[in-house]
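The values are calculated or read from the model by the stated rules, or taken from the named source; none is laboratory data. Computed from a predicted model, the values in this text were never measured in an experiment. With ligands, DNA and RNA removed, areas are computed over all heavy atoms of the protein, side chains included. Shrake-Rupley method; radii C 1.70, N 1.55, O 1.52, S 1.80 Å.
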Amino acid sequence: MKTIAVINLKGGVGKTTTAINMAELLAERHNKRVLLIDNDPQGNTSRFCGCYQMSDTCGAAKILKGCDPQKAEYRTMDIINADMTLLEADNTLRADTGRQDDKMKQYLQKVGDQYGYCIIDNPPALLMCTVNALCAADEVIIPVTLDNWSLDGVEVVTEQIEALKVLNKNLKIAGILITNYKKTPENEAAQKWLRENCRYKVYDTVIRRSDKIVEATYYKTPIDTHSPKSAAAVTYRRFVNEYLDDTEGMW
């Protein structure tokens, strides 16, 4: 099983949208067996997929507690949900004197033969649940929008990921994904700067800005189903194809 953490320490850059749509495309367009983990206490992925629940300890929190979570079905993939009980479990784990970083890795090792891919949607903060995801992941995809704060944030998040290689020596940054892209002179200049100055791969595909993404979120439907001819749907399909072309022969 290939485990991919989708992360940026800045909010509003398309992490959840990327995680959901990448997982859905791998499952439905490429016939992969996919596990999607909502690892963000805000639970936006869980809300989108209809499995957000505040009445019990969420699945992601159970993983941090060393328990097996209940999985929900969403379309053709499985999902492990999250809500604010994940933050409670995160705080408890942080206070633990034992090993704190390997809870998710242990769980994924148990279920790894059931899936081809695991996609983990992470919060915009380096919580213990984030550290667990990065210690369990094979690769990281970093969505980024082309503004000064986000571009500065790329350096911050990549430094944090490199530092965590002490705990996960096999962790690699698969690439930087430009999202919410609109062709303007400013964005063209920012994209050129990023491609010339970033020492990591910047995907050739950029995710185009589209009002259909907002609509798809409202209707809780992946963009490839909601509006398959929209710019966002087309470019997400291209991105997943590019990702697979880069990696499938390597593992």
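For segment 150-209, what does the equivalent ellipsoid look like in terms of its semi-axes, each the square root of 5 times an eigenvalue of the Cα gyration tensor, given largest first in whole Å?
Three semi-axes, in Å: 25, 11, 9.
Quick check for you: with a 1.4 Å probe and neighbouring chains kept, what is the accessible area per residue of the chain, in Å²? Don't skip to the answer; put the middle values down first.
Details: 11520 Å² over 251 residues.
That works out to 46 Å² for each residue.
Kirkwood Rh over alpha-carbon pairs of segment 122-251, then Stokes-Einstein at 10 °C and 1.306 mPa s: what D in µm² s⁻¹, rounded to an integer?
Working: Rh = 16.0 Å.
After rounding, the answer is 99 µm²/s.
Report, by chain and number, residues whose modeled amide H sits under 5 Å from the one on Lys2, excluding near sequence neighbours (fewer than 5 apart, same chain).
Long-range HN contacts for Lys2: Tyr117, Cys118.
Take the solvent-accessible surface of the protein heavy atoms, probe 1.4 Å, and return the percent of it on segment 69-161 that carbon and sulfur atoms account for.
Numbers: 1800 of 3860 Å².
Ligands and nucleic acids excluded, carbon and sulfur reach 47 percent.
Count the DSSP beta bridges whose two residues both fall in the chain, then state the antiparallel fraction as a percent rounded to the nearest 5. Before the final figure, lay out the partial values.
Numbers: 3 of 27 bridges.
Counting DSSP beta bridges with both partners in the chain, the antiparallel share is about 10 percent.
Which whole-Hz ³J(HN,Hα) couplings does segment 65-70 yield from phi under the Karplus relation 6.51 cos²θ - 1.76 cosθ + 1.60, θ = phi - 60°, glycine and proline marked x?
Couplings: 8, x, 10, 7, x, 7 Hz.
Go ahead and estimate [θ] at 222 nm for the chain from helices alone: -39,500 (n - 2.57) per DSSP H run with n ≥ 4, summed, over the residue count, rounded to 500.
Working: 11 runs with 113 residues, N = 251.
The helix-only estimate for the chain comes to -13500 deg cm²/dmol at 222 nm.
Over 10 Å intervals from 0, what percent of Cα-Cα pairs in the chain sits in each interval?
7, 33, 38, 18, 3, 0
Quick query: amide H of Tyr74 versus all other amide H atoms, modeled in the peptide plane; which residues come in under 5 Å with a sequence gap of 5 or more or a different chain?
Result for Tyr74 returns Ile79.
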